[in-house]
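Here the structure comes first, spelled out in structure tokens, and everything after it is commentary.
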Amino acid sequence: METKQNLSGSKKEGKVTRIERTSATHQAELILKGIKEKAGEVVLVAISNRTTIELPASLSQVERDARVANYIKLHQSKNKSSTL
């Protein structure tokens with residue numbers, strides 16, 4: 001029975017090199033930057049003293065109010081626990 005040993009300095013299976021990690025991070029940053037550029041101007045809306053959300057500046061006040069109400073509705077359990 002013959003046993004082969006891998007003596008070359010190739011990376012081990014499943015390991016991520018620093019270059020690959022940096023490349024993935026850079027790619028994610030570029031994607032996020034592209035999304036923000038497409039979104040255009042945004043306004044920050046304060047939900048609480050610790051929470052703000054970004055909304056498109058093109059929304060009317062009624063649409064902003066609806067989005068804020070929806071955010072509060074979806075995050076009620078978090079808001080209740082932070083006030084205790």
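Criterion first (modelled with pLDDT of 90 or more, assigned to a helix (DSSP H, G or I) and hydrophobic (A, V, I, L, M, F, W, C)) does Val45 satisfy it? Break it down stepwise before answering.
Values: modelled with pLDDT of 90 or more: yes; assigned to a helix (DSSP H, G or I): no; hydrophobic (A, V, I, L, M, F, W, C): yes.
No: the conditions fail for Val45.
Let's see how each residue does on (1) modelled with pLDDT of 90 or more; (2) touching a helix residue (DSSP H, G or I) at 6+ places or on another chain (Cβ under 9 Å); (3) assigned to a strand (DSSP E or B):
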site: Ala24; (1), (2), (3): no, no, no
site: Leu32; (1), (2), (3): no, no, no
site: Asn49; (1), (2), (3): yes, no, no
site: Val62; (1), (2), (3): yes, no, no
site: Ala66; (1), (2), (3): yes, no, no
site: Asn70; (1), (2), (3): yes, no, no
site: Lys73; (1), (2), (3): yes, no, no
site: Asn79; (1), (2), (3): no, yes, no
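Among the residues of the range 23-61, which ones are surrounded by 10 or more Cβ atoms within 10 Å (Cβ to Cβ) and within 21 Å of Leu74 (Cα to Cα)?
Scanning the range 23-61 gives Val43, Val45, Ala46, Ile47, Ser48, Thr51, Thr52, Ile53, Glu54, Leu55, Pro56, Leu59.
Where residues in the range 51-60 are in a loop (DSSP other than H, G, I, E, B) and within 16 Å of Ala39 (Cα to Cα), which of them is nearest to the chain's Cα centre (by Cα)?
Going through the range 51-60, the residues in a loop (DSSP other than H, G, I, E, B) turn out to be 51, 57-60.
Next, only the ones that are within 16 Å of Ala39 (Cα to Cα) stay: 57-60.
Working: Ala57: 20, Ser58: 22, Leu59: 22, Ser60: 25 Å.
This residue is Ala57.
The values are calculated or read from the model by the stated rules, or taken from the named source; none is laboratory data. Remember, predicted model here, so these are calculated numbers, not experimental data. Please note: Cβ atoms are built from the backbone with ideal geometry, for glycine as well, and neighbour counts cover all protein chains shown.
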